[in-house]
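Okay, so here's the structure we're looking at.
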Amino acid sequence: MRVHFFATFRPIVGSAQLDVPLADGATVQQLAQWLVDHYPDMKEMLLDEHGHLSRRAHIFVDGRSARWLPAGIDTPLRADQKIDVFPAVAGG
């Protein structure tokens, strides 16, 4: 599945997008864990102290935050979906 990265995640991954070798049905949480396993510098921003998706990062599935999908971080993913990883932003 193709994953797109934005802002501070791009230099960590070294690219704006990456093909992640997870099978259809892998969850958002499994994607986050795969990313941390392969790019340890993402851990502090991507996962919290319990290993769940941190509030300092957002994973969007087809333009919707995984946090607000019915299954949340347990949402299964498909290769044909648009998956984006953003750091949280604040300001005004």
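Output the qualifying pairs, or none if there are none: Cβ atoms under 6 angstrom, residues six or more apart or on different chains, first residue in region 39-65 and farther than 16 Å from VAL20 by Cβ, second residue of a type in the set (A, V, I, L, M) and part of a strand (DSSP E or B). Final answer for the pair search is MET45/ALA57; SER54/LEU47.
Against the list (1) under 16 Å from PRO87 (Cα atoms); (2) at pLDDT 95 or above; (3) out of contact with any strand residue (DSSP E or B) (no Cβ under 8 Å at 6 or more places or on another chain), the condition GLN17 fails is (3).
Of all residues in region 1-14, those that are among the small types (Gly, Ala, Ser) and closer than 16 Å to ASP84 by Cβ total 1. Restricting to region 20-34, and then to whatever is surrounded by fewer than 14 Cβ atoms within 10 Å (Cβ to Cβ) and touching a strand residue (DSSP E or B) at 6+ places or on another chain (Cβ under 9 Å), can you tell me which residue is nearest to GLY72 (Cα to Cα)? Top of the filtered list is GLY25.
Within region 31-79, being part of a loop (DSSP other than H, G, I, E, B), of a type in the set (S, T, N, Q) and closer than 19 Å to PHE6 by Cα holds for one residue alone: SER54.
As for region 29-39, it holds no residue that is touching a His at 6+ places or on another chain (Cβ under 6 Å) and either modelled with pLDDT of 95 or more or over 20 Å from LYS82 (Cα atoms) (or both).
Inspection of region 46-67 identifies at least one residue that is β-branched (Val, Ile, Thr), surrounded by 12 or more Cβ atoms within 10 Å (Cβ to Cβ), under 18 Å from VAL89 (Cβ atoms) and at pLDDT 95 or above.
The values are calculated or read from the model by the stated rules, or taken from the named source; none is laboratory data. Here the structure is a predicted model, which means the values were calculated and not measured. All Cβ positions, even for glycine, are placed from backbone atoms using ideal geometry, and neighbour counts span all protein chains on display.
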